[in-house]
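Working notes, beginning with the structure itself.
Every read-out reported here was derived from the displayed coordinates using simple, explicitly stated rules and does not represent laboratory data. What you are looking at is a predicted structure, and each value in this text was computed from that prediction instead of being measured. Don't worry about glycine lacking a Cβ; one is built from the backbone with ideal geometry, like all the others, and counts go over all protein chains shown.
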Amino acid sequence: MKKRLIAKILIVSLFLNISFPLFAEDTSPKAYDDDEFPQTLKDIRRFEIITLGALPFVTLDTTLAYSTYRYAKNDFDDAYKPDIFSPSSFTQEEQKKIILTSVGICAGIGLTDLIVQIIKRSVKKKKKQINYDDISIIPIAEDQDASIIPLPSDQSDSDSEDLPDEVQEIEE
C-alpha cells in the first residue's frame, strides 16, 4: 500500500513538474540596445575586464622574473632557486612587492588598451564612410522643387558659331 502511494505521488509530482512550465511566461532577458549604456561606461567596463583578466598571467610572470632576479643576485645559491610553488620561498614584504608590481603592470595594460580604443574610435569618426544605400535619384519631371538650367548651347546659336567644334587639350 505504501509503495503504491509513493508511486502515485511521484507520478503526480513528475506530471506537475513537466506541465507547469508549459503555462509559464517567457522569462528570458531582453538583449541590450547599443545606446542603452553611454560609451564611457563601456570603456570603463572594458578597462576593468582587461586589467583584472591580465592579473593572474602578469602575477605569474612577475613572480618568475623576480625569483630569477633574486637567484642571480645571490650568486645562483641553491637556497634562492626559483620555485614559485613553494609556500615559503618569498617573505611577506616580497609578496607585497610582487602583487603591487603586478597590479601596476595590469593597470598599464588596461590603460594602453583604453587609449588605443579611444584613438581608433576618433579616427573612425573622422573617416565617415558614404553610405550609398541612402542616395536616391529622382527624375526631374517628378521633383516639384527642381528647376531646369539651360545648357550653354541652348541659349543662343550665334554664340556657338564662334567656338570651335573640337576640344583642345592644353599641355603643361
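What is the gain in length, in nm to one decimal, between Ile49 and Ala146 on full extension, counting 0.36 nm per residue of separation less the C-alpha to C-alpha distance? Intermediate results must be reported in sequence, preceding the final value.
Values: separation 97, 0.36 × 97 = 34.92 nm, distance 5.56 nm.
Here the answer is 29.4 nm.
Give the distance, in whole Å, between the Cα centre of segment 98-153 and the Cα centre of segment 1-54.
Comparing the Cα centres of segment 98-153 and segment 1-54, I get a distance of 38 Å.
Can you find, among Leu111, Ser86, Tyr66, the residue sitting farthest towards the positive end of the charge dipole of the chain, where Lys and Arg contribute +1 and Asp and Glu -1 at Cβ?
Going by the Cα projections, it comes out as Ser86.
Please work out the Kirkwood hydrodynamic radius for segment 47-126, using every pair of different C-alpha atoms, and report it in angstroms with one decimal place.
14.4
Among Ala107, Ala79, Ala24, which one shows the biggest mean-square fluctuation in a GNM of the chain, springs joining Cα atoms closer than 10 Å?
With Cα springs under 10 Å in the chain, the top fluctuation among Ala107, Ala79, Ala24 is at Ala24.
Name the most mobile residue of Asp113, Asp61, Asp33, meaning the one with the largest mean-square fluctuation, in a Gaussian network model of the chain with Cα contacts below 10 Å.
Evaluated over the chain, the most mobile residue of the options is Asp33.
Hey, got the dipole for the chain? About the Cα centre, +1 on K and R Cβ, -1 on D and E Cβ, debye to the nearest 20?
On the way: 20 positive and 31 negative charges, 740 e Å.
For this selection, approximately 3560 debye.
Just one of [x] 37.9, 120; [y] 24.2, 93; [z] 21.7, 79 is Rg and Dmax of the Cα atoms in Å calculated from these coordinates, so which is it?
The calculated read-out lines up with [x].
Pick from Asp143, Asp134, Asp34: which residue has the top mean-square fluctuation in a GNM of the chain where Cα pairs under 10 Å get a spring?
Asp143
If you average the sequence gap of Cα pairs under 8 Å that are 6 or more apart and divide by the length of segment 47-126, what percent do you get for the contact order? Mind showing how you got there, number by number?
Values: 46 pairs, mean separation 35.8, N = 80.
Answer for segment 47-126 is 45 percent.
What do you get for the angle between helix 39-73 and the principal long axis of the chain? Use alpha-carbon atoms, 0 to 90 degrees, nearest ten.
50
Can you give me the distance in nm between label points at Val12 and Ile135, each placed 7 Å from the Cα along the Cα-to-Cβ direction?
With each label placed 7 Å out from Cα toward Cβ, I get 7.4 nm.
For n ≥ 4 DSSP H runs only, could you compute -39500 (n - 2.57) per run for the chain, divide by its residues and tell me the 222 nm figure to the nearest 500? Working shown, then result.
Working: 5 runs with 102 residues, N = 172.
Computed mean residue ellipticity for the chain: -20500 deg cm²/dmol.
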